[in-house]
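A short write-up of the structure that comes next.
Values quoted throughout were computed directly from the atomic coordinates according to the rules given, and no laboratory measurement underlies them. These numbers come from a predicted model, not from an experiment. Here Cβ is always computed from backbone atoms with ideal geometry, including for glycine, and neighbour counts include all displayed protein chains.
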Amino acid sequence: MPPYGYGGYGWGGMGPGGGTTGPFWWGAPTGWTDLDLYDYNNNYVLDDNEIVDLVKDNIVADPGIPMSDAHNIDVHVSGATATLSGAVRNPRTSPLAYTDAYWTPGVRDVANNIEVQAMERRPGAAPTPERPGGVSGGPRTSRGR
């Protein structure tokens, strides 16, 4: 038996004796890349609507962006310029979404119009205690003093 199996679904595929060591997902024909899955009209050029799907998928797949924020981001592409808009709660989401859009194939420029809303306390939540000197926050610790 060959060392990587003889699966018929790509190099080392999921066929009989195959493993998951191959470079393609289990059903991709040999020679395909991930971009081939987004080129809907098979003209080898990514259109604006295809780039929108790529950008949205990159934002949703980013582990640093909470799902609640990822679904609040609207993406529009015109002439290879991606425009991000929407309102998010996490301040890290805006620069991460910008980076995800910037590195998407087919995007030449990104306009980031994402607004970060201040997170509000839930009703009935305890206020943050004040420290001596009027500084709010948790209790001070004396590190080895």
Sorted by Cβ density within 10 Å, fewest first, the residues THR104, THR81:
THR81, THR104
Segment 44-116: D in µm²/s via Stokes-Einstein (Kirkwood Rh, Cα pairs, 10 °C, 1.306 mPa s)?
135 µm²/s
How much length is gained on full extension from VAL60 to TRP103, taking 0.36 nm per residue of separation minus their Cα-Cα distance?
14.1 nm
Can you tell me the length gained on complete extension of the stretch GLU115 to SER78, counting 0.36 nm per residue apart and subtracting the Cα distance?
11.2 nm
How would you rank SER94, SER78, going from fewest to most other Cβ atoms within 10 Å of each one's own Cβ?
SER78, SER94
What does the charge add up to near ASN72, with Lys and Arg as +1, Asp and Glu as -1, over the other residues with Cβ less than 15 Å from its Cβ?
-2
Two-site FRET efficiency, ALA87 against VAL45, from Cβ-Cβ distance with R₀ of 30 Å, rounded to 0.05:
0.35
